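Inspection log for the structure reproduced underneath, given as structure tokens.
The values are calculated or read from the model by the stated rules, or taken from the named source; none is laboratory data. It should be emphasised that the depicted structure is a prediction, and the values quoted were computed from it without experimental measurement. Heads up, the Cβs are rebuilt from the backbone with ideal geometry, glycines too, and the neighbour counts pull from every protein chain shown. These accessible areas exclude ligands, DNA and RNA; they are computed on the full protein's heavy atoms, side chains included. Shrake-Rupley method; radii C 1.70, N 1.55, O 1.52, S 1.80 Å.
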Amino acid sequence: MRYLPLTEADRRAMLDAIGVRSVDDLFRDVPDAARRSGPVEGLPDHMGELEVERALGAMAAKNVPAGSVPSFLGGGAYRHHIPAAVDHLIQRGEFLTAYTPYQPEISQGTLQVLFEFQTQVALLTGMDVANASMYDGATACAEAVMMANRLTRRRKAILSGGLHPHYRDTTTTDARFIGFETVVLPPAPTGGEDIAALVDDGTACVVVQNPDVFGHVRDYTELADLCRARGALLIVVVTEAVSLGLLTPPGDMGADIVAAEGQSLGNPTGFGGPYVGLFAVKDKYVRQMPGRLCGQTVDADGRRGFVLTLSTREQHIRREKATSNICTNSGLCALAFSIHLSLLGEDGFRHLARLNHARAVRLADRLAGVPGVAVLNDAFFNEFTVRLTKPAAAVVDTLAGRGVLAGVPVSRLFAGEHEDLLLVAATETTTDSDMDALANGLAEVLR
Amino acid sequence: MTMNAQGRPTAAFAGESAGGEETVTGNRGLRIEEPLIFEQDSPGMTGVDLPAVPDAPLRLGTVRPRGRIGLPGLAEPQVVRHYTRLSQKNYAIDTGLYPLGSCTMKHNPRLNEKMARLPGFADLHPLQPQATVQGALELMDTLAHWLKTLTGMPAVTLAPAAGAHGEMCGMMAIRAALEHRGEGGRTRVLVPESAHGTNPATAAALGFTVDPVPGAPDGRVDAAALKAKLGSDVAGIMLTNPNTCGLFERDIRSIADAVHEAGAYFYCDGANFNAIVGRVRPADLGIDAMHINLHKTFSTPHGGGGPGSGPVVFSESLAPFVPVPFVVHGPDGLRLVEHAGGPDAGTAFGRMKAFHGQMGMFVRALAYILSHGADGLWQASGDAVLNANYVMARLGDVMTPSFDGPCMHECLFDDRFLKGTGVTTLDIAKALIDEGFHPMTMYFPLVVHGALLIEPTETESRAGLDQFVDTLRALAERARAGDAAAWFQAAPRLTPRRRLDETTAARKPVLRWKEGEGRAGP
Ligand SMILES: Cc1ncc(COP(=O)(O)O)c(C=O)c1O
């Protein structure tokens, strides 16, 4: 077996050194009834690289990669072009095969990356500080709500109908078992909702999304003021990180906590994971944050260095009093995010955001001219909702058969609701001929 | 400079004086000082060329386009160099033995990386029509089959993003099952004192009262104490097996029986499944739920702190509550059930995260599993246990093993061998760093004093282990020879940075770079 360096002679000599006859003797604490005398039956034996490549290659070949056809899928995961240097750098073994930086003297690489990542996330969101990552945007959202509960000592969260349903469900699942109240507004695909009216003295937080799941771009400044007046926290969710290159950031609107998905930068859509949750807060809330934090300090010689810090919030120190149970997070995805953003830089990132918006504007105008299609959004970033004269899921299936991934049927996200609505996204990867393919396809199918 | 008691320069003296030699740049040969990326700003520069943006009005409604963000601009060569230099300040499995107990730092095969990057996996959108992702669902289904077969358990969820997330998922399923039985009032969870911090943190987050169970003198949980704590208010136990002392819980069957008799559930922390994979099926131990860290047992890379993946296997009694999404076989092939409360989701308790789990990790784990096969996994767990016992046997006379008898995949020492030397577990760890090794896990588990937990894994050669053992022996002997405390406390000397001031870091947190604040320190 190519990954196991011990020879039979090694094993023999080692058993002798230990003073046992066989490896099985080392398993003597396992109850007899559970101790097997040989490999588990019914499973194949080992394979060489070539055979594994064939087996997995055959599975991969049954899929239609989004990049191989015109694709307009969004809904919380966005296909962007990832510069070649990103994947090259994250595959350096010193990054890829290191553990969490528990020994700072030999982990300054990872630690400096985390410090830079935290800074980038804080800048993008317009917040004071960010942590070293969460699993994904949805879990970041749920953790943000729990943090708000701790900070306000209240136990009610109001979730906007514009919140991504997976984020909503992740949060309400926590609510059910952890024991806090959620008020969930119905989806409002065509426009606003009166969330402000629901905020009362028992409200720990209000969770809104920008752009919302239907693509609407919103200004939450007034809502932030109202929340502050009532002692509730405003949590702003962002599922498309590239939008932060164009829109007023949540921090400038008055958000207390930002929970975002960072996949768009550096990470492939990858059938849903692994992604990277971004978590940013105002300074005063730092000590109630979940997850790891990297901080700057000096070494014994007075030189600048970095360490994991404020770990008295974390499970390995605080155990049952920890702010969260999170341990392993999304280190390598955070690195990919960070490298992509470093490559883009200030000008490149803003340019990328404008380009995404421009592509979506063009697509919206193109689709608005298709009979049977109505664009619902006046304001959007790179994704918007259209109303079709036929059920969207069936239209999407038909067009998939013709080699166009037309978007995300709203009913896929909202369990059968709003069957006539389709979410359509455009990014810098969307070409004019892709748009033609979608417009023509829709025109035919809706005829 | 450091002298020993005789005034003779110690071995590290040479290194230290070399380190003390000034260079113009502050660099030391291959060891290069790398500023923050923010300190390398070349305004207007970018490493990505994009097509021009047409000059059309924005469609942002009342939201204003944002102003300057404050990101630095660099060209691609500078960026590549920045991250390459940073990478060189990291220790990694690729560079050496990484015996971090409980963390399972085994070799990460590159085939797995190659497979995960096939466009047929990496370039799939999670919300594509399911007819276009049948191969991806087949991969999930195949991995699920392996995990169920290797554990003997009837159900699995692939959704959780890491071990701790799996614990959360398993304990939620237990709560859901209790509520379903009308026994939601069970509020106590028994957790051994040796447990990983995530166990009590998970139970407490879910509103359970954590009731600690003491250990027995043999390093196992005190089964009698545990059984005595069982009662009608106990929801379950969270037991790690093999446990965090690297020992198999011999009484696990009788514990499971007692737990079930009391109407409670048995959650097993499966972080150490790598010790027994392919040799012992958790189902045969009476477990109701167990997470498997794909990033430990099945070698998906740790990436400097993730991503991970923490599938949870379930017994018959908990299987109905498995969260969404999951894959089912239907007339048109495989299908994902995505909505809890939906017609085909049964009593699924909810959702753990967005989309369908850590697909990229599933591909890597399955590549690892297929590479090993049933026979290779048998060999791998055997070698992992053999390596750990070999290390323990070779160190037993100079260090103090905490418990008698064979260990599983990791061996635990405490700091009795350092008594009276002034040298601590931390000092030994830092001295190992100068010798070119990553230290073992320190001060965990909490049940022995000054713990040193060594997990070599099966991917280390005997020669590699011998070198590590010889080094550790020499350090232990040096510590015990006396008057070595100052020398140890000055370690590490040969690293890009020496010991860091963690107290100040926590007291006056600097968690980000800020424009205009310049750089701290030289
Ligand atoms: C025994 C044990 N349990 C749980 C965990 C948590 O797993 P993860 O880091 O994947 O969340 C760990 C990881 O360090 C562990 O060693």
**Asked** What is the mean number of Cβ atoms from other protein chains located within 10 Å of the Cβ atom of each residue in peptide A:312-321, rounded to a whole number?
**Response** 6
**Prompt:** Within the stretch A:408-435, what residues put their amide N at less than 17 Å from the label point 7 Å along the Cα-to-Cβ vector of A:Leu446?
**Reply:** A:408-411, A:418-426, A:435
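Averaging over all projection directions, find the projected area of the Cα convex hull of the protein assembly as shown and quote it in nm² with one decimal place.
36.8 nm²
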**Using a Förster distance of 25 Å, the FRET efficiency for B:Thr95-B:Thr25 (Cβ separation, nearest 0.05)** = 0.55
**Request:** Sum -39500 (n - 2.57) across every DSSP H segment of at least 4 residues in chain B, then divide by the residue count to get the 222 nm mean residue ellipticity, nearest 500.
**Result:** -10500 deg cm²/dmol
**Message:** With +1 on the Cβ of every Lys and Arg and -1 on the Cβ of every Asp and Glu, and nothing else charged, how large is the dipole of the stretch B:386-487 about its Cα centre, in debye rounded to the nearest 20?
**Reply:** 220 debye
**Request:** Could you work out the Rg to Rh ratio of chain A, with Rh taken as the Kirkwood radius (inverse of the mean 1/r over all Cα pairs)?
**Result:** 1.03
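Treat every Asp and Glu Cβ in the stretch A:84-341 as -1 and every Lys and Arg Cβ as +1, leave all other atoms uncharged, and give the resulting dipole magnitude about the Cα centre to the nearest 20 debye.
Around 780 debye, computed over the stretch A:84-341.
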**Request:** Please report how far the C-alpha centroid of the stretch A:12-52 lies from that of the stretch B:295-313, rounded to the nearest whole angstrom.
**Result:** 23 Å
**Request:** Taking the Cα atoms of the stretch B:373-495, report the difference between the largest and smallest coordinate on each principal axis, in whole Å and largest first.
**Result:** 51, 31, 22
**Asked** Among rounded, prolate and oblate, which fits the stretch A:57-198 when a ≥ b ≥ c are the square roots of the eigenvalues of its C-alpha gyration tensor, a/c under 1.5 means rounded, and a/b larger than b/c means prolate?
**Response** oblate
**Complete:** Per residue, the convex hull enclosing the alpha carbons of the stretch A:183-318 has a volume in Å³ of 175 Å³
**Request:** Please work out the Kirkwood hydrodynamic radius for the stretch A:159-214, using every pair of different C-alpha atoms, and report it in angstroms with one decimal place.
**Result:** 11.8 Å
**Prompt:** Roughly how many percent of the accessible protein surface of chain B is carbon and sulfur, given a 1.4 Å probe and a whole-percent answer?
**Reply:** 52 percent
**Fill in**
Taking Lys and Arg as +1 and Asp and Glu as -1, residues besides B:Gly376 with C-beta under 14 Å from its C-beta add up to -3
**Message:** For chain B, what does the accessible surface come to per residue with a 1.4 Å probe? Please give it in Å².
**Reply:** 33 Å²
**Complete:** With label points set 7 Å from each Cα along the Cα-to-Cβ direction at A:Glu181 and B:Glu193, the distance between them in nm comes to 4.2 nm
**Prompt:** Quick one: Karplus J couplings for the stretch A:220-237, per residue in order, coefficients 6.51, -1.76, 1.60, θ = phi - 60°, nearest Hz, x for Gly and Pro?
**Reply:** 9, 4, 5, 4, 4, 4, 5, 4, 4, 4, 9, x, 9, 9, 9, 9, 10, 9
**Mean accessible surface per residue for the stretch A:329-380, computed with a 1.4 Å probe while every protein chain stays in place, in Å²** = 25 Å²
**Request:** Could you go through the stretch A:184-200 in sequence order and give the Karplus-derived ³J(HN,Hα) for each residue, using 6.51 cos²θ - 1.76 cosθ + 1.60 with θ = phi - 60°, rounded to whole Hz, and x for Gly and Pro?
**Result:** 10, 7, x, x, 10, x, 9, x, x, 9, 9, 6, 4, 5, 8, 6, 10
**Prompt:** Hey, what's the stretch A:137-271 come to in accessible area per residue, 1.4 Å probe, Å²?
**Reply:** 26 Å²
**Request:** With a Förster radius of 56 Å, plug the Cβ-Cβ distance of A:Asp24 and B:Asp233 into 1/(1 + (r/R0)^6) and report the FRET value to the nearest 0.05.
**Result:** 0.85
**Request:** Have a look at the DSSP beta bridges in the stretch B:112-368 and tell me what percent are antiparallel, nearest 5.
**Result:** 40 percent
**Request:** Write down the percent of antiparallel bridges among all DSSP beta bridges whose residues are both part of chain B, to the nearest 5.
**Result:** 55 percent
**Item:** Three-way shape label, the stretch A:337-447, alpha-carbon gyration tensor, a/c 1.5
**Value:** prolate
**Prompt:** Ignoring ligands, DNA and RNA, what percent of the 1.4 Å accessible area of the stretch A:84-341 is carbon and sulfur?
**Reply:** 48 percent
**Message:** Only bridges whose two residues both fall in chain A count here: according to DSSP, what percent of them are antiparallel, nearest 5?
**Reply:** 60 percent
**Item:** Other-chain or far-sequence residues with amide H under 5 Å of A:Val298's (modelled H)
**Value:** A:Gly305, B:Asp501
**Message:** For the stretch B:373-495, what does the relative contact order come out to in percent, with C-alpha contacts under 8 Å and a separation of six or more?
**Reply:** 31 percent
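Report the Rg/Rh value for chain B, based on alpha-carbon coordinates and the Kirkwood definition of Rh.
Here the Rg-to-Rh quotient is 1.01.
So if I place +1 on the C-beta of Lys and Arg and -1 on the C-beta of Asp and Glu, and nothing else carries charge, what would the dipole magnitude of the stretch B:112-368 be about its Cα centre? I want it in debye, nearest 20.
So the magnitude is around 360 debye.
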**Rounded to whole Hz, the Karplus (6.51, -1.76, 1.60) HN-Hα couplings of the stretch A:42-52, x for glycine and proline** = x, 10, x, 7, 4, 10, x, 3, 4, 5, 5
**Message:** Could you tell me the calculated FRET efficiency between B:Arg117 and A:Thr221, based on Cβ-Cβ distance and R0 = 60 angstrom, to the nearest 0.05?
**Reply:** 0.90
**Prompt:** With labels modelled as points extended 7 Å from the Cα through the Cβ direction, what inter-label distance (nm, one decimal) is found for A:Asp432 paired with A:Ala17?
**Reply:** 7.0 nm
**Prompt:** Ordered by packing density, taken as the mean number of other Cβ atoms within 10 Å over each peptide's residues, highest first, how do B:26-39, B:251-264 rank?
**Reply:** B:251-264, B:26-39
**Message:** I need the Kirkwood Rh of the stretch B:112-368: take the reciprocal of the average 1/r across all distinct C-alpha pairs and report it in angstrom.
**Reply:** 18.5 Å
**Item:** Acute angle (nearest 10 degrees) that the helix A:8-18 long axis makes with the longest principal axis of chain A, alpha-carbon atoms
**Value:** 70 degrees
**Message:** Skipping prolines and chain starts, which residues have an amide H placed within reach, meaning under 5 Å, of the one on A:Ala379, given they are 5 or more residues away or on another chain?
**Reply:** A:Val217
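Let me know the mean shielding of B:73-84 by other chains, meaning the per-residue number of their Cβ atoms within 10 Å of its Cβ. Don't skip to the end; give the middle numbers.
On the way: counts 8, 5, 2, 5, 1, 2, 11, 6, 0, 6, 17, 6.
Counting other chains' Cβ atoms within 10 Å and averaging over B:73-84 gives 6.
As a quick test, which of the pairs A:Lys284/B:Lys514; A:Lys282/B:Lys514; B:Lys148/B:Lys296; B:Lys89/B:Lys296; A:Lys62/B:Lys114; A:Lys284/B:Lys508 have an alpha carbon distance above 21 angstrom in this structure?
From A:Lys284/B:Lys514; A:Lys282/B:Lys514; B:Lys148/B:Lys296; B:Lys89/B:Lys296; A:Lys62/B:Lys114; A:Lys284/B:Lys508, over 21 Å: B:Lys89/B:Lys296.
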**Asked** If you average the sequence gap of Cα pairs under 8 Å that are 6 or more apart and divide by the length of chain A, what percent do you get for the contact order?
**Response** 20 percent
**Fill in**
Here the whole-number average of other chain Cβ atoms within 10 Å per Cβ of A:253-266 is 0
**Request:** Can you spot the lysines whose alpha carbon is less than 16 Å from A:Lys156's alpha carbon? Ignore those fewer than 8 places along the same chain.
**Result:** none
**Prompt:** Can you pull the three principal axis extents for the Cα set of the stretch A:25-79, in Å, largest first?
**Reply:** 59, 30, 18
**Item:** Pairs of alpha carbons in the stretch A:84-341 whose separation is greater than 22 Å (percent)
**Value:** 53 percent
**Asked** Counting only protein heavy atoms and rolling a 1.4 Å probe, how much accessible area do B and A lose on contact, total for both sides, in Å² to 100?
**Response** 17400 Å²
**Fill in**
At the level of C-alpha centres, the distance separating the stretch B:165-192 and the stretch B:464-510, in angstrom, is 43 Å
